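Step one of this worksheet: look at the structure below.
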Amino acid sequence: MGDLGFTVWRFVRRYRDPVVGTLRLTAKDRRGSRVKYVGVVIAPGLPPTPVSHWTGEPASRWVVDGMDLPVVVDRAAPAKLRILWKQVPTLKQYRANPYAHKAAAEVFGGQDMTVLDLD
């Protein structure tokens, strides 16, 4: 599993069969400081599985619908997952990536994301 950090390890050690995969985000629902992510988990040895996951979203990370979030998931219970926030791009990294602007324009219906003020 590599070096996941102590916080992630605390949760993952309870998983029976942990594996690193991705959560393809299809929707998110914000309720106060919590966010419900709805998407499909894709991981080795696990068929694509629809899940919903409540979590807190760090303000410094940039998350949009259609994005692939890195996760650690339990193959025995795919609803148990942990998002690897340190691998999600920050807003500054996102703005510096021209390919991200093109992908965001597709998600937001052709709107030019380079001129949109995201602050």
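All of the numbers you see were taken from the coordinates with simple rules; none came from a lab. Predicted model, so just to flag it, every value in this text is computed and none were measured.
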For this session: Could you work out the Rg to Rh ratio of region 28-85, with Rh taken as the Kirkwood radius (inverse of the mean 1/r over all Cα pairs)?
Result: 0.95
Exercise. Taking every eigenvalue of the Cα gyration tensor of region 18-58, multiplying by 5 and rooting it, what semi-axes result, largest first, whole Å?
Worked result: 22, 10, 7
